Amino acid sequence: MLAADQYLMVGVVLFGIGVIGFLTRRNVVVLLMCIELMINGAGLAFVSFCRQTGSLEGQVFVLFAMVIASVEIAVGLSIVLLVFRNRATLDVDEMEVLKW
Amino acid sequence: MEITFPAVNIDSTVPQLIVALFAILALLVEVFSRSSRMVFATCLVGLHIALLRSLMQWGRGIPYESSLLAVDGYTTFFNVLFILIAMITLAISLSYVENTRVDGGKYYPLVLFATLGMMLLVSSMDLLMMFLSLELLSISMYMLVGSQRDKWVSTEAAIKYILTGAFASGFLLFGIALVYGATGTISFSKMESILGGLTGGVPPMLQIGIALMMVGLGFKIAMVPFHMWAPDVYEGAPTPITGLLSTGSKIAVVALILRLFSNPFIQVSSQWVGILWVLAVLSMTLGNVAALLQKNVKRMLAYSSIAHVGYLLVAFITLSTRGMEAILLYSAFYAVMGLAAFGCIASLTRAGGSTTAGEGERLKAEDYTSLGYTQPVQAAILSICLLSLAGIPLTAGFIGKLYLFGAAVNAGFVGLAVIAVLNSAVSLYYYLGLMLRMYALPGRFAPAEEPVGSLFGKLVLLVLGVTIIALGIYPTPLIGAVKGAVTALSAL
């Protein structure tokens, strides 16, 4: 049986992988996946805090966060589709019409 | 462990419910009538009813507070402001939507959903409600930014916005998790009492949590150093939506930060003064210097809006009642100025071609040369907005800045106030530069040009222009309203 602290560490690591991935990868779909990792890392943190504090609010929060994450991905992917239809590319570095 | 359901007082949340109801109704109207004007009318009627209902709550001294929402003078003030912002946004959108082939049937209801997000955000009394309403606002805005589907810049702006916005939401969510872990609650009022009873310093986990939350919220208000997305998104978005982004969604998050730092986080707020001092200076300076170098009018206004966040922060770090009053006052003024300025740009759009970047829309500063002679109405209103944004006396912007910087001086932040005033002086250069350009004498071979813009659009702009001057000359009623709202906030 793992302690709640260890779950928290996994959450932090997931969040960190998400952040690093977002900052280093260039493919739009991978970026959305990294955001998903960040949100789920936060979710894991919520659940482990729930265990520690004995309140239920954190678990309720995770359910809502999952819904929000899926809505974000649904909107995100439809915009990605629009991008791909226009430019046939998913590389963020090639989206540079709007610049300084 | 048991869950108690919060008691819901339907009566005090009626304005929000009306906006939600009419947003859904408008979607149904879109399905059954297929007429974008019908959807527009539905949304506008809904907003009017919600406005009347909000005004009925105005000044009624019985605050209602559940574990989720607070309805008090503070929220009523912002509800009225957001409904007005939404109404102005719709009004300046009407001809723009028809000229640029945006799908109005989805566009107008989304503006209402975004407004609902702003209204709920300001009344949130716990972290869950706050997160959900912020996401409602953000996700509606992602879609609105990308709503010009046949135009690449709009799509590019949307993808950049959703990537940075969702990244910021990730930080916000993780920050919320840490704050929840450190305090064991997500309710603002319980958090305030827990933090109030702390002995021996603030736990580091809470500090990190609040810092991560501020990163997420800083992204949403485009505060330096989290501003990188703003110019691109502002340029690519449909112009009325740029107006909504730079006023409504920014003001809503600022109002939320004010509530956070005057209720739950009041114990730690003084530790943030130093950091926010630096960020305020950076926001003002970077925003103004970058705006100075811009040739694209929408980008210029985008950078200037970053600078305006800096001005708001100047008053915020005083953490005083006076500072908060100044922020509320300036938010209301800035809403009118910002929307009117983007409304003028939107109204100068010609019908037809918008398949490539910027075609049909006046974006470059050169496009505004001698505009005062060909498009007198828009040029005049835009000049009033620019003067007001620069803070020239007799306009609303002057009174607003006077209060902001006055609050800073009053609280002893004289150096910061001096930097802010210097920044204002820098901003004069580009605001007045554009204005002078509009009134430069036309060359002999200047092409003749028919006035553009619908009568309705021009009337709306005229009303906004008159409002800016009227508030600059006689701001007393608004100042009274702002004082009431701040009293309600600190009474909680």
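The values are calculated or read from the model by the stated rules, or taken from the named source; none is laboratory data. Note that the coordinates shown come from a computational prediction; the quantities given were computed from them, not determined experimentally. A quick note on method: Cβ atoms are made from the backbone with ideal geometry, for glycine too, and the neighbour counts reach across all protein chains shown. Surface accessibility is based on the protein's heavy atoms, side chains included, excluding ligands, DNA and RNA. Shrake-Rupley method; radii C 1.70, N 1.55, O 1.52, S 1.80 Å.
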### Summary
Which residues qualify? For B:Leu69, with a placed amide H closer than 5 Å and at least 5 residues away or on another chain, they are B:Met125
### Task
Return P(r) of segment B:179-226 (all Cα-Cα pairs; 5 Å bins starting at 0; whole %; ordered from short to long distances).
5, 20, 24, 22, 13, 11, 5
### Query
Which order, highest average first, do B:156-166, A:61-71, B:392-402 follow once you tally other Cβ atoms within 10 Å for each residue and take the mean per peptide?
B:156-166, B:392-402, A:61-71
### Message
How large is log10 of I(q)/I(0) for the protein assembly as shown at q = 0.07 Å⁻¹ when the intensity is taken from the Debye formula with one equal scatterer per alpha-carbon?
### Response
-0.39
### Task
Could you sort B:328-335, A:8-15 so that the peptide with the highest average Cβ count within 10 Å comes first and the rest follow in order?
B:328-335, A:8-15
### log10 of Debye I(q)/I(0), alpha-carbon scatterers only, for segment B:238-396 at 0.11, 0.12, 0.18 Å⁻¹
-0.50, -0.58, -1.11
### Task
Would you compute, from DSSP H runs of 4+ residues alone, the mean residue ellipticity of chain B at 222 nm, taking -39500 (n - 2.57) per run and dividing by the full residue count, rounded to the nearest 500?
-24500 deg cm²/dmol
### Task
In whole Hz, with x marking every Gly and Pro, tabulate ³J(HN,Hα) for segment B:450-456 from phi via Karplus 6.51 cos²θ - 1.76 cosθ + 1.60, θ = phi - 60°.
6, x, 10, x, 7, 4, 4
### Task
Skip the ligands, DNA and RNA, and give the accessible area per residue of the protein assembly as shown with a 1.4 Å probe, whole Å².
38
### Query
Once fully extended, how much extra length lies between A:Ile17 and A:Met66, figured as 0.36 nm per residue of separation less the alpha-carbon to alpha-carbon distance?
15.8 nm
### Summary
Net charge (Lys, Arg +1; Asp, Glu -1) of residues whose beta-carbon lies under 15 Å from that of B:Gln294, B:Gln294 excluded, is +3
### Test item: A:35-46 mean partner chain Cβ contacts at 10 Å
5
#### Entry: Accessible area of segment B:11-491 belonging to carbon and sulfur atoms, whole % at 1.4 Å probe
72
### Share of alpha-carbon pairs per 10 Å distance bin for segment B:11-491, given as whole %
4, 21, 32, 27, 12, 3, 0, 0
### Query
So what J values fall out for segment B:260-266 if you push phi through Karplus, 6.51 cos²θ - 1.76 cosθ + 1.60 with θ = phi - 60°, rounded to Hz, Gly and Pro as x?
4, 7, 10, 10, x, 9, 4
### Query
Charges only on Cβ, +1 for Lys and Arg, -1 for Asp and Glu: so what's the dipole of the protein assembly as shown about the Cα centre, in debye to the nearest 20?
900
### Query
B:Arg101 versus B:Ala41, label points 7 Å from Cα toward the beta carbon: distance in nm?
2.7
### Query
Roughly how many nanometres apart are two label points built 7 Å out from the Cα toward the Cβ at B:Gln271 and B:Glu450?
6.4
### Query
Mind checking how much accessible area A and B bury in total, 1.4 Å probe, in Å² rounded to 100?
4200
#### Entry: Three-way shape label, chain A, alpha-carbon gyration tensor, a/c 1.5
prolate
### Query
How high is the FRET efficiency between B:Arg34 and B:Leu292 when r is their beta carbon distance and R₀ equals 35 Å, given to the nearest 0.05?
0.15
### Query
What distance in nm separates the simple spin-label points at A:Gln6 and A:Asn86, each placed 7 Å from Cα in the Cβ direction?
4.8
### Query
By the scheme Lys and Arg +1, Asp and Glu -1, what is the net charge of all other residues having a beta-carbon under 12 Å from that of B:Ala26?
+1
### Message
Could you derive backbone 3J(HN,Hα) for segment B:159-171 from the dihedral phi with the Karplus parameters 6.51, -1.76 and 1.60 (θ = phi - 60°), listing whole Hz in sequence and x where the residue is Gly or Pro?
### Response
5, 5, 5, 5, 5, 5, x, 5, 4, 5, 4, x, 4
